[in-house]
Amino acid sequence: MRKEIKTAIIGAIIIVVAIGGLAVFFTSLDKTVASTGNQIIAGKTDTGNSSSVQTTYSDESNYPKAPDLVGIAGYINTTPEELQAKIKNKVVLYDFWTYSCINCIRTFPYLKAWNDKYADKGLLIIGVHSPEFEFEKDLSNVKMAAQKYGLTYPIVLDSDHMTWDAFSNRYWPAEYITDDLGHIRHTHFGEGEYDQTEKVIQQLLDQRAKRLGLNTTADQSLVNLQAHEFSLFETPELYFGYDFADGRNYFGNAEGFEPEKIVSYTMPSDLQKDHFYLDGQWQNLHDSMKLSSDNGKIVLPYTAQDVHIVASGLGIGIQILLDGKPVTGDDAGQDTKNGTAIISEHRLYNIISSKQAGSHTLTIIGHPGFEIYTFTFG
């Protein structure tokens, strides 16, 4: 066979194979997109970032049904019988939260506004309180938090995470919105995208009205609130409990964690950014550290605008220093007065609230009985 003809045949074969390969590739790509379009993100953590998962089924019956509320340890603002009756024919927003989570707390103004605006139009908000720490299982603690933040919609205590697991949830905060037939039509994890979530509520309320033959439409305006703005570079959440620090250990002392032991820590000379350091004798607990010596301190080089701690104590005053000086009114958090924060009940305390984000060194000087669980930032 002549060389020219052989070359032409080989070239034609290559082109045919290439076209066939591209067709297979794009078909495979279409299948991949279709199969991942409704994935739920995994990883149990609270999150300041936002992530949405929406499906685009043409037939609403293809949406998954919301699971039942199971393993509920207590009820706030409702009873089991009342809640069961309220859910029927309602658009339901299931809000997974826990009361010491700053990301959850920052969503409350929107949840309360939506409850005020849409409750009489067919929206039912159910707060599913799934605790991160043991003290958050206490009904009286959750009631106190609900009253403090003005949460009047029904709240259920999912103390053993049975409802959390039924939803395959992994995040605080997390919203699951169902239509009036109980199909999950929208999910959102973390803060943000409030306009998008509210538009979904409006659409589902209008669908409900048509299905029930109601001559009503949802108000198409949107709640206008000031959402939290995150810093570009922000220190991550820091955990003091040895069980919670696995895989996210920012404890800077060379002595490290010693489960269930009281350890004498010495402050090193070199401090690494976004790591916390201890001085004094601290008891290592599974979800916290508790000061045992007469004096002790925590030092943290951080970047953020606001600093919060989850802590407890019996009316213990802790001194707050910023860059080596007592914190002033310009940087003092809501729980800091004259450079001191009084730690009493188990909860989140705002100790630093600067006018703008920046890099600083925070020092906390504590006293015996002071117990700290986390640093969180904003």
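Annotations for the structure displayed:
- Unique match (being among the aliphatic types (A, V, I, L, M), farther than 21 Å from Gly74 by Cα and assigned by TED's automatic domain parsing to the domain that holds Ala66) among Ala146, Ala119, Ala174, Ala166: Ala119
- Residue ID - modelled with the lowest pLDDT, chosen from residues in segment 230-283 that are farther than 20 Å from Ile309 by Cβ and outside the structural domain of Ala357 (by TED's automatic domain parsing): Leu232
- Number of residues in segment 307-357 that are closer than 22 Å to Phe240 by Cβ and either among the small types (Gly, Ala, Ser) or assigned to a strand (DSSP E or B) (or both): the value is 28.
- Residues of segment 53-87 satisfying the condition of being of a type in the set (A, V, I, L, M) and either at pLDDT 95 or above or crowded, with 16+ Cβ neighbours inside 10 Å (or both): Ala66, Leu69, Val70, Ile72, Ala73, Ile76, Leu83, Ala85, Ile87
- Cβ-Cβ distances below 7 Å connect the following pairs, each with a first residue in segment 204-225 that is more than 16 Å from Lys90 (Cβ to Cβ), a second residue that is among the acidic types (Asp, Glu) and modelled with pLDDT of 85 or more, and a separation of six or more residues or different chains: Thr217/Asp206; Leu222/Asp195; Leu222/Glu198; Val223/Glu198.
- Residue list for segment 235-258, restricted to those being within 16 Å of Glu371 (Cβ to Cβ) and assigned to a loop (DSSP other than H, G, I, E, B): Phe240, Gly241, Tyr242, Asp243, Phe244, Ala245, Phe257
- Residue among Ile72, Ile126 that is closer than 29 Å to Leu222 by Cα and under 21 Å from the mean Cα position of the chain (by Cα): Ile126
- Among the residues of segment 230-288, those identified as among the hydroxyl-bearing types (Ser, Thr, Tyr) and closer than 30 Å to Glu191 by Cβ are Ser231, Thr235, Tyr239, Tyr242, Tyr250, Tyr277, Ser288.
- Residue satisfying all of: in segment 208-228; in contact with a helix residue (DSSP H, G or I) (Cβ under 7 Å, 6 or more places away or on another chain) and of a type outside the set (Val, Ile, Thr); modelled with the highest pLDDT among these: Leu222
- Within segment 203-219, being assigned by TED's automatic domain parsing to the domain that holds Pro173 and buried (at least 21 other Cβ atoms within 10 Å of the Cβ) holds for Leu204, Leu205, Arg208.
- Qualifying positions in segment 342-360 - within 24 Å of the chain's Cα centre (by Cα) and β-branched (Val, Ile, Thr): Ile343, Ile351, Ile352
- Residues satisfying the stated conditions in segment 260-279, i.e. assigned to a loop (DSSP other than H, G, I, E, B) and either in contact with a strand residue (DSSP E or B) (Cβ under 9 Å, 6 or more places away or on another chain) or β-branched (Val, Ile, Thr) (or both): Glu260, Lys261, Thr266, Met267, Pro268, Leu271, Gln272, Lys273, Asp274, His275
- Filtered by the rule that a residue be within 18 Å of Tyr118 (Cα to Cα) and not basic (Lys, Arg), segment 155-192 gives Ile155, Glu175, Tyr176, Ile177, Thr178, Asp179, Asp180, Leu181, Gly182, His186.
The values are calculated or read from the model by the stated rules, or taken from the named source; none is laboratory data. Not measured: the values here are computed from a predicted model. Here the Cβ is made from the backbone with ideal geometry for all residues, glycine too, and neighbour counts use every protein chain on show.
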